[in-house]
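Right, one structure below, let's go through it.
The values are calculated or read from the model by the stated rules, or taken from the named source; none is laboratory data. Values in this document were obtained by computation on a predicted structure and should not be read as measured data. Cβ placement follows ideal geometry from the backbone for every residue including glycine, while neighbour counts extend to all protein chains displayed. Each accessible area value is taken on the protein alone, full model and side chains, heavy atoms only, with ligands, DNA and RNA left out. Shrake-Rupley method; radii C 1.70, N 1.55, O 1.52, S 1.80 Å.
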Amino acid sequence: MRFLFGLVSFIISIQGFAQNPAIEPYVDFLNHTDKTSAKDYILQKFDDHDIVILCERDHSEFTQYELVKEILSDERFQKNVKNLFTEIGLINLQPEITEFLKTKGLDSVILDKRLSQFQQDASFWVIWDRYNYHFLLKTIYSINNLSENQISYYPSDVEFDWHKVTNVEDYDREQEFEIEPRDSLIAQNIINTYKRIISNDNNKALIILNYRHAFKINTVTSNGETVKNTGKYLKDYFGERLASILTNRPIFTSNGNGFVHGLIQDGKWDASFKSENIRNMGFDLHETVFGNDGFDMWKGNTDNLKYEDVFDGFVFYEPLENHRLLDYYKGLVPKDYEKEFFRRYRIQMEYIDNNEVLKKLDDNDFRESLLKEVNTPKERKYPNFDQLIEIRDEYLRD
């Protein structure tokens, strides 16, 4: 008996974690499933599907774009898929940005300047400050610069042109999604572009959508309001040609004062991967313990919804400890762009009636501090990172 107890203790010490009954079904599944990498799993979905949606984490989270780089750099993507769509990036940038990404041999100074220009014009916000977009565009350019198989990239967000905006009234008019739901416009942009570019050897595409935009269902708020999601529009159009894949991530809900972060199934998913020291894996959700779990990424009315109803697959790529949120970068607002930056900044502050900031805009110290902020790389963790780790690790204790 002593020997048996000692053996069990020894095994536990090797694994590092005791087995908690709450995560046993998940651990059992992981141990009896092929350890296909996240990249390979996503690429394999294109064997049976023309369209694959990847659900983005927080826009700022960087390691997910290291996964995207792995996918785009793979010869299978370059030869068989070729097309990338993203929610981020205004559709009116499509012609210019697509041509730019296929122009080989640009000087590094010119390249970085053009990348920053696309970053500056990527959104109806004053500026898109998430470093991932710069990294993604540079990744595609670098691949295209060296490969005969060219990746085509199509930003698909609503049309908005800052150069047509001279005041608050113009800003309000340019936001057509105030009249038509933004998700339907994004879906329409993707579908229309896809129909334009499709050919016999060019009919597949990876689409990156954030959070609920990637859901292949519509959602309902707690007060009964239906929220229509881009993924549902695309699912209705493409049918079984489409697969939607969830990436491991915290989930977040609004508490009225901001967003509160939590974990899928209160941390059991993350704990099961941590227990087995799995950092990179993908699998189908249908008829699995993960897929049969109640869908808890949305805090409205999701009665009887399971994860397999919302996503077809799941990829785990790096645990929470390795997630890095990156904002800003050196050269985001260079000297020759400062005047335009503050012009846009003033219009948006007027639009949201932020009188406190408007009063400071003529103050040189305030302007300099703002410029320093946007031109200085910033790395952070999720807002309540320590709490998330504590929630997960509760399942890994004796």
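So which of Lys45/Lys268; Lys299/Lys359; Lys299/Lys360; Lys216/Lys339; Lys45/Lys372 end up more than 32 Å apart by C-alpha?
In this structure, Lys299/Lys359; Lys299/Lys360; Lys216/Lys339; Lys45/Lys372 lie more than 32 Å apart at Cα.
Once ligands and nucleic acids are excluded and a 1.4 Å probe is used, how much of Arg324 is accessible, expressed in Å² to the nearest 10?
Counting only protein heavy atoms, Arg324 exposes about 80 Å² to solvent.
How far apart, in nanometres, would the label points at Asp365 and Asn92 be if each is projected 7 angstrom from Cα along the Cα-to-Cβ direction?
3.8 nm
How big is the convex hull of the Cα atoms of the stretch 219-295, per residue, in Å³?
So the per-residue Cα hull volume is 138 Å³.
Report, by chain and number, residues whose modeled amide H sits under 5 Å from the one on Thr86, excluding near sequence neighbours (fewer than 5 apart, same chain).
Tyr154, Ser156, Ile208
Loop only per DSSP, at most 12 neighbouring Cβ atoms within 10 Å: give me the trypsin sites (Lys or Arg not before Pro) in the stretch 350-398, ordered by residue number.
Loop-located and lightly packed - Arg397.
How big is the antiparallel share of DSSP beta bridges in the chain, given as a percent to the nearest 5?
45 percent
Give me the one-decimal nm value for the distance between modelled label points at Lys113 and His286, 7 Å along each residue's Cα-to-Cβ direction.
5.3 nm
Can you pull the Kirkwood radius for the stretch 263-303, inverse mean 1/r over Cα pairs, to one decimal in Å?
11.6 Å
Loop-only check: which GluC sites (Glu not before Pro) in the stretch 72-169 are DSSP coil with at most 11 other Cβ within 10 angstrom?
Those satisfying the criteria are Glu148.
From the backbone phi of the stretch 381-390, what are the Karplus-calculated ³J(HN,Hα) couplings (6.51 cos²θ - 1.76 cosθ + 1.60, θ = phi - 60°) in whole Hz, Gly and Pro given as x?
In residue order, the calculated couplings are 9, 4, x, 10, 3, 4, 5, 4, 5, 4 Hz.
Mind checking which of Leu136, Ala187, Ser147 is farthest towards the positive end of the stretch 117-217's charge dipole, using Cβ charges of +1 (Lys, Arg) and -1 (Asp, Glu) about the Cα centre?
Ser147
Could you grab the relative contact order for the chain? Cα pairs under 8 Å, six or more apart, rounded to a whole percent.
Value for the chain: 25 percent.
Between Thr376 and Asn149, what is 0.36 nm times their sequence separation minus the Cα-Cα distance? Round to one decimal in nm.
78.2 nm is the gain from fully extending Thr376 to Asn149.
Could you work out the Kirkwood radius for the chain, taking every pair of different alpha carbons, averaging 1/r and inverting it, reported in Å?
22.9 Å
Take the Cα coordinates of the stretch 327-385, assign each an equal point scatterer, and use the Debye formula without solvent to give log10 I(q)/I(0) at q = 0.17, 0.23, 0.27 Å⁻¹.
The Cα Debye sum returns log10 ratios of -0.66, -0.98, -1.11.
Enter the accessible area per residue of the chain (Å², integer; probe 1.4 Å; all protein chains in place).
So the chain comes to 48 Å² accessible per residue, rounded to a whole number.
Quick one: putting +1 on the C-beta of Lys and Arg, -1 on the C-beta of Asp and Glu, what dipole do you get for the chain around its Cα centre, in Debye to the nearest 20?
With Lys and Arg at +1 and Asp and Glu at -1, about 760 debye.
Enumerate the calculated ³J(HN,Hα) couplings along the stretch 205-215 in order (Karplus 6.51 cos²θ - 1.76 cosθ + 1.60, θ = phi - 60°), each rounded to whole Hz, writing x wherever the residue is Gly or Pro.
7, 9, 10, 9, 10, 8, 6, 5, 4, 8, 4
Can you list the residues, at least 5 places off or on another chain, whose amide H is less than 5 Å from the amide H of Ser244, using H built in the peptide plane?
Result for Ser244 returns Ile53, Asp312, Gly313.
Using 5 Å bins from zero, what percent of all Cα-Cα pairs in the stretch 183-239 falls into each bin?
Spelled out bin by bin, the stretch 183-239 gives 4, 19, 27, 22, 13, 8, 4, 2, 1, 0 percent.
Taking the stretch 40-170 on its own, what percent of its Cα-Cα pair distances exceed 26 Å?
23 percent
What aspartates and glutamates could a cross-link reach from Lys104, if we take a straight Cα to Cα line under 20 Å and drop same-chain neighbours fewer than 8 places away?
Asp74, Glu75, Glu96, Asp112, Glu148
Which one, Val357, Asn292, Asn277, projects farthest toward the positive side of the charge dipole computed for the stretch 265-369 from Cβ point charges (K/R +1, D/E -1)?
Val357
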